[in-house]
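*Asks:* Right, I'll just put the structure down here and ask away after.
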Amino acid sequence: MENTGNYVFIMAGGVGSRFWPKSRNNFPKQFIDILGIGKSLLQLTYSRFLKLCPADNIYIVTNGTYKALVKEQLPGIKDENILCEPSRNNTAPCIAYATSKLAAMNPDANMVVAPSDHFILYEDIFIENIRKGLAAAAQQPYLVTLGISPTRPDTGYGYIKYDKTGTDGVHKVIQFTEKPNLEKAQEFLASGEYVWNGGIFIWNVKTALDAFRHHAPAIYDLFAAGNNQYNTDQEQHFINQEYPKSPNISIDYAIMEKADNVYTIPADFGWSDLGTWASLYDVAEKNEQENVSSAPDIQLQDTYNSIIHLPAGKLGVIRGLKDYIVVDDGDVLLIYPKQDEQEIKKVTEILKNQNLEKFL
C-alpha cells in the first residue's frame, strides 16, 4: 500500500453521449456493466485504485444527481469522499475543485486524476506506471500524463509528441495537440512520434495550483475563494453557488496545451477509454465474422465487423450489414455506420434541440 500522501480523484460526472442510447442522462455509462462481467466501469476503476492507496484516499467527483448511484455501487464509501458538482463544466473546473479541496486538507499531497470509465487489461502494469508518475511528481514540478500508443488516427484524443530521451521512463512533452483533424491525426500516427493522452493525470497539488494560477487564472481565483470552506460543512454551499460560474473547458485546453512542464510516461497496459461503441468493439470478444453481440439468440447473415446490443430475451434477425453499430435500448433503436460513430454525440445534441430530451 502506498503512503497516505497519495490521493486519487475519479471523475464520474459525465453522461457518455457517444455511447448513447445505452448511456443515458439518468444512468450514464460509468454505472453500466458495459463489459458484461457483473461490475460497472466505476466499480472496476475504484477497485483498481485500491491497489494504490487506502479507500479513505479515493474520492469520486460526480454530478450531484448521481450521488445516490455512487453510494449504491460503492457500498461503504464515505459521504465526504463524494464531491458533488452542481453543473457540468468539463474537466478543468472539476480538477480545479478536487485540487483546491485536497490542498486545503494536505498541502503536500500528490494526486492522481482519472476517468471512471476506462478499460485497463493489465492492471498491475498500470499501477506500476502510476507509481512511477507519483515518484516523479513528488520530486519535480511535473504535470504528468500517461501516454498510450495510438492504434488508429482517432480525432477524439489528444496527441502528445515527446522527447525520446528521459529519466526512468518519464519524458518531457514537446507538443500537446488536443483533438486534431483527421489529416493531422493521420500525420501524427504515421510519424510514430506521438502517443495518445489517456486522460490520466499525476501531479503534486502545489504544481497543479501553480498551473491553474498561470494558465487559467479565472478558474484558479474562483476556487481559491473557497479555501476556508473546503472540508467543512460550508463546502457544498460554496460549490453550489460558485461552481456553475466556472468556464466550460477541458483540462487539456486550459492547462496541458499551454504548460511547459508537462511530462509523459509512454505505457502499454491494455487501455481503452471505452468512449465509443467502436472502442468497446475493439476490446470485446468477436465471432468468426468479427461481430460483437450481447444477444445469445441473434441470427446474423452476411453481417460482418459489427457490434450489436439487444435487450435480454429479444430475438434479432439481421442480414447484410458491415461495419455497423446496432443498439436497441427500449425506447431507442440506433443503427449507425461504425466509421461515423463520432457523430453520435451530435445526434444527441440535435435531439436536445428538438425537445426530445426524454430519449437522452
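*Asks:* Name the residue, out of L182, L189, L134, L146, that is in contact (Cβ under 8 Å) with a residue 12 or more places away in the chain and either within 18 Å of the chain's Cα centre (by Cα) or not assigned by TED's automatic domain parsing to the domain that holds Y66 (or both).
*Replies:* That would be L146, the only listed residue that is in contact (Cβ under 8 Å) with a residue 12 or more places away in the chain and either within 18 Å of the chain's Cα centre (by Cα) or not assigned by TED's automatic domain parsing to the domain that holds Y66 (or both).
*Asks:* What is the number of the single condition among (1) in the same structural domain as V173 (by TED's automatic domain parsing); (2) closer than 22 Å to F31 by Cβ that A312 does not meet?
*Replies:* Status for A312: all satisfied but (1).
*Asks:* A further question on this structure: Just to be sure, is Y253 of a type outside the set (A, V, I, L, M, F, W, C), crowded, with 22+ Cβ neighbours inside 10 Å, touching a residue at least 24 places away in the same chain (Cβ under 8 Å) and assigned by TED's automatic domain parsing to the domain that holds N129?
*Replies:* no
*Asks:* Considering each residue of region 236-258, count those that are under 27 Å from K161 (Cα atoms) and aromatic (F, W, Y), and give that number.
*Replies:* 1
*Asks:* Now for a separate question. I'd like to verify a number: residues in region 45-58 that are out of contact with any Pro (no Cβ under 8 Å at 6 or more places or on another chain), outside any loop (DSSP other than H, G, I, E, B) and either in contact (Cβ under 8 Å) with a residue 24 or more places away in the chain or within 17 Å of M111 (Cβ to Cβ) (or both), how many?
*Replies:* Residues flagged as out of contact with any Pro (no Cβ under 8 Å at 6 or more places or on another chain), outside any loop (DSSP other than H, G, I, E, B) and either in contact (Cβ under 8 Å) with a residue 24 or more places away in the chain or within 17 Å of M111 (Cβ to Cβ) (or both) within region 45-58 amount to 7.
*Asks:* Among the candidates V262, V283, single out the residue that is within 30 Å of G36 (Cα to Cα) and not acidic (D, E).
*Replies:* Result of the check over V262, V283: V283.
*Asks:* What pairs come out if I take residues in region 270-288 that are small (G, A, S) and pair them with residues that are surrounded by 16 or more Cβ atoms within 10 Å (Cβ to Cβ) and part of a strand (DSSP E or B) whose C-beta lies under 6 Å away, six or more apart or interchain?
*Replies:* Within 6 Å, the pairs are S272/F119; S279/S272; A284/V292.
*Asks:* If you don't mind, there's one more thing I want to ask. Which of (1) over 22 Å from the mean Cα position of the chain (by Cα); (2) within 27 Å of A138 (Cα to Cα); (3) not polar (S, T, N, Q) does D297 not meet, given it meets every other one?
*Replies:* Against the list (1) over 22 Å from the mean Cα position of the chain (by Cα); (2) within 27 Å of A138 (Cα to Cα); (3) not polar (S, T, N, Q), D297 comes up short only on (2).
*Asks:* Can you tell me which residue in region 309-331 is nearest to L280 (Cα to Cα), limited to those that are surrounded by 16 or more Cβ atoms within 10 Å (Cβ to Cβ) and among the aliphatic types (A, V, I, L, M)?
*Replies:* Per the criteria, the residue is I325.
*Asks:* If you take the residues in region 176-221 that are acidic (D, E), at pLDDT 90 or above and closer than 30 Å to A109 by Cβ, which one is surrounded by the fewest Cβ atoms within 10 Å (Cβ to Cβ)?
*Replies:* Selected residue: D221.
*Asks:* Those residues that are in a strand (DSSP E or B) and surrounded by 15 or more Cβ atoms within 10 Å (Cβ to Cβ), I need them from region 332-351; list them, please.
*Replies:* L334, Y336
*Asks:* Taking interchain pairs and intrachain pairs at least six residues apart, which have beta carbon atoms under 9 angstrom, with the first residue in region 59-72 and outside the structural domain of F27 (by TED's automatic domain parsing) and among the charged types (D, E, K, R) and the second modelled with pLDDT of 95 or more and assigned to a helix (DSSP H, G or I)?
*Replies:* none
The values are calculated or read from the model by the stated rules, or taken from the named source; none is laboratory data. Please read all numbers here as calculations on a predicted model, not as lab measurements. Positions of Cβ are generated from backbone atoms using ideal geometry, with glycine treated the same way; all protein chains shown enter the neighbour counts.
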